[in-house]
Amino acid sequence: MSEEVKRAILSAPEKSGVYIFKDRAGEPLYIGKAKSLKNRLKSYLYGSVPYKIKVMLQKAVSLEFITTETELDAFILESNLIKTHKPPFNVMLKDDKNYPYIKVAIKDPFPYIEIVRRAEKDGSLYFGPYVPAWAVRETLKVITQSFPIRRCKTNIAKAKYRRPCLNYQMGKCLGPCSGEVGRQEYMKVVEEVVQLLEGKGRELIERLEKEMKEAAEALEFERAARIRDKIFSIKKIMERQKVLLEQKVDLDVLGFAKEGGVICLCLVFVRNGMVVGEKPFFFEEAEPEEAFEALVREFYMEDREKVPILSAAPVPLLLKQTLEFIEPDANYKNVLVFAQIKAREHLTEYLEGRRSRRRLLEEARVLLGLRRLPFRIEGYDISNIQGEEAVGSMVVFEDGEPAKSEYRRFRIKCVEGPNDYAMHQEVIRRRIAHSEWRRPDLILIDGGVGQLNSVLEVIREARWDVDVLAISKGEDRDYIWGPSGALDVPKGHPVYHLLQRVRDESHRFAVSYHRRLRAKASFEGIEAIKGIGPKRRERILKFLAEHPDVEDPEELAKGCGIPVRLASEVLRILREEKACR
């Protein structure tokens, strides 16, 4: 700890506030809050602190603090600063994305259904969040197979009597955009969908079984078969809707488990008394209060749906002042037990997975002759066509798993023509220049001996102490190259598959960026099309990057949410520009 930091600690006031430890570049290393800055900061001098905080104190060269009126104000300020700066030594929520909802746009004269990432206050009906994300996709797929509700956002008033889309031909939409159905008949389907999503499947099944019986008695066997399929779909969705509460309430239930220095907070999402999803969050080297605060700060303090929270573990008083917490009682016993069981199950699975990954990394260290455990592996690849739109990718695997927030892309700036070796060197030099990024334990290059040697040259120039390997494709297997030549890694060995995963991910990441740049370069003519503004342009660009071989206007129109005539014009221009190259 520097003398400047010690002097700042001793001069701290007794007021509540936020303190910021900074490195030599003035960047925040750690941001904390305290009811009394003086008492809290003195604990760094005289108290026992975790290992990671000891490392932080060794790196810190300055300390700043901001006083506030109350501890709650300090918590809010701390939350904002952490979200802005993302200090490396703070306990962070690794997964703070929004989770999907099913939206029924009930305000539209002919309501449509879609998947969204945020519940807005726009008068629509929202159901969810669904976790994992595949659950919402599967639910929507089952719904649209048996309930022909539209998924497009077409303005029906303007589109009336146009040619119906492919979904109509497949029986997945009633075709309101082409005047194939009246509003009264269409709304019956919408009401059934809403009834199902609200957890009233049993009542819906009873009514449909009665209709099926009536259809069979009237010898309307095709109609009876359609109703039977609809009942089957409803039962399939209901299997996922686990009812734990008699009350039709919405709340988030928080389960807690701790073992081996790892904390698991498991959020169980209850809507209308039914469990619609669950999501575990893991924290290592953290105290329970830190974990609670990180979850609240990054999961609830922005645009989340505000619902009461029920916790199986004691909640810090400060958090009770921030959000609405329900006091546990006998009415919530089932859902509390469920949340606790899920937290324990997820933690057990996490710990076993971590032990398995550590064994794999130790095998990799021995088999590949590495100097240290390859906890952080960085994979690199180059993508270009004859040197044009050349890009480099950096993917990161930590503890044997992708760390996607650490991925980086590099647009090649200094190399002209198809020079793969020089491009690799440029990417590695630019990566080394980012001293604020954590150093890798192993660098893996997608290429052979030539690419490996070109990268080793840059690594030695920078005097970086890091292992470098390359992986190249052969006729019947991939080959692993080290500085001394080929390494004997058996085909099918877990280490062999780990290196393949890193290589394939770096290749995918590079190619997707390269395709996006190529698609962007083709947009000069598309931008001139009347009816395509910035938002539509971005959607088309994204879709073409993911589906570069699309040729069907209806597929492009559906994927981008644009009229078919515009999609046809886009594809015509792309074909013309491709022919000119």
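Peptides 20-29, 476-485, 559-568, ordered by how many other C-beta atoms sit within 10 Å of their residues on average, highest first, read 559-568, 20-29, 476-485.
Applied to segment 401-414, the Karplus parametrisation 6.51 cos²θ - 1.76 cosθ + 1.60 on θ = phi - 60° returns per-residue 3J(HN,Hα) values of 10, x, 10, 5, 5, 8, 5, 9, 10, 10, 8, 5, 10, 10 Hz, with x for Gly and Pro.
Segment 107-127 and segment 536-568 have their alpha-carbon centroids 23 Å apart. Applying 0.36 nm per residue to the separation of Arg565 and Asp23 and subtracting their alpha-carbon distance, the gain on full extension is 189.5 nm. On the beta carbon distance between His85 and Ala330, with R0 = 35 Å, the FRET formula returns roughly 0.20.
So which of Lys22/Lys279; Lys153/Lys230; Lys342/Lys404 end up more than 29 Å apart, counting from Cα to Cα? Among Lys22/Lys279; Lys153/Lys230; Lys342/Lys404, the Cα-Cα distance tops 29 Å for Lys22/Lys279. Kindly flag which residue pairs out of Lys15/Lys42; Lys6/Lys52; Lys15/Lys258 have an alpha-carbon separation exceeding 24 Å in this structure. Going by Cα-Cα distance, Lys15/Lys258 fall outside the 24 Å limit. On the basis of the beta-carbon distance and an R0 of 35 Å, His493 and Arg411 show a calculated FRET efficiency of 0.45. Amide H contacts for Ile106 (H built 1.01 Å from N in the peptide plane; partners 5 or more residues away or on another chain; cut-off under 5 Å): Leu125.
Each Cα pair under 8 Å and six or more residues apart adds its separation to the average, and for segment 3-85 the resulting relative contact order is 42 percent. 3J(HN,Hα) couplings calculated from phi for segment 261-268 with the Karplus curve 6.51 cos²θ - 1.76 cosθ + 1.60 (θ = phi - 60°) are, in sequence order, x, 10, 10, 10, 10, 10, 8, 10 Hz; Gly and Pro show x.
The peptide list 222-233, 127-138, put in order of mean Cβ contacts within 10 Å with the highest first, becomes 127-138, 222-233.
Note on the chain: with charges restricted to the Cβ of Lys and Arg (+1) and Asp and Glu (-1), its dipole about the Cα centre is near 820 debye. Considering only Tyr407, Ile9, Met92, and ranking their Cα positions along the charge dipole of the chain that arises from unit charges at the beta-carbon of Lys, Arg, Asp and Glu, the one farthest toward the positive end is Tyr407.
Between Met170 and Leu351, the contour length at 0.36 nm per residue exceeds the alpha carbon distance by 60.5 nm. Peptides 169-182, 38-51 ranked from most to least packed give 169-182, 38-51, packing being the mean of other C-beta atoms within 10 angstrom over each peptide's residues. Projecting the Cα atoms of Pro418, Ala343, Ala330 onto the dipole axis of segment 288-419, where Lys and Arg carry +1 and Asp and Glu carry -1 at the beta carbon, places Pro418 farthest toward the positive end. For segment 40-54, the Karplus equation 6.51 cos²θ - 1.76 cosθ + 1.60, evaluated at θ = phi - 60°, returns couplings of 5, 6, 5, 5, 6, 8, 10, x, 8, 10, x, 4, 5, 6, 4 Hz by residue, with Gly and Pro reported as x.
To the nearest 0.05, how large is the calculated FRET efficiency for Leu208 and Arg118 if R₀ is 30 Å and r is the Cβ-Cβ distance? For R0 = 30 Å, the calculated efficiency reads 0.35. Inter-label distance, Glu259 to Leu323: 2.5 nm, where each label sits 7 Å from its Cα along the C-beta direction.
Computed about the Cα centre, the dipole magnitude for segment 114-226 is approximately 720 debye when only Lys and Arg (+1) and Asp and Glu (-1) carry charge, each at its Cβ. With helices as the sole contributors, the chain gives -14000 deg cm²/dmol at 222 nm; each DSSP H run of n ≥ 4 counts as -39500 (n - 2.57), and the sum is divided by every residue. What lysines does Lys491 reach when the alpha-carbon gap must be under 21 Å and sequence neighbours fewer than 8 apart in one chain are set aside? Counting by Cα, and skipping residues close in sequence, Lys491 has these lysines nearby: Lys473. Applying D = kT/(6 pi eta Rh) to segment 376-517, where Rh is the Kirkwood radius over alpha-carbon pairs, T corresponds to 20 °C and eta to 1.002 mPa s, the Stokes-Einstein value obtained is 142 µm²/s. For Phe325, the residues whose modelled amide H falls within less than 5 Å of its own, excluding neighbours fewer than 5 places apart on the same chain, are Ile309.
Computed from the coordinates by the stated procedures, all read-outs in this text should not be read as laboratory data. These numbers come from a predicted model, not from an experiment. Virtual Cβ from ideal backbone geometry, glycine too; neighbours counted across all protein chains shown.
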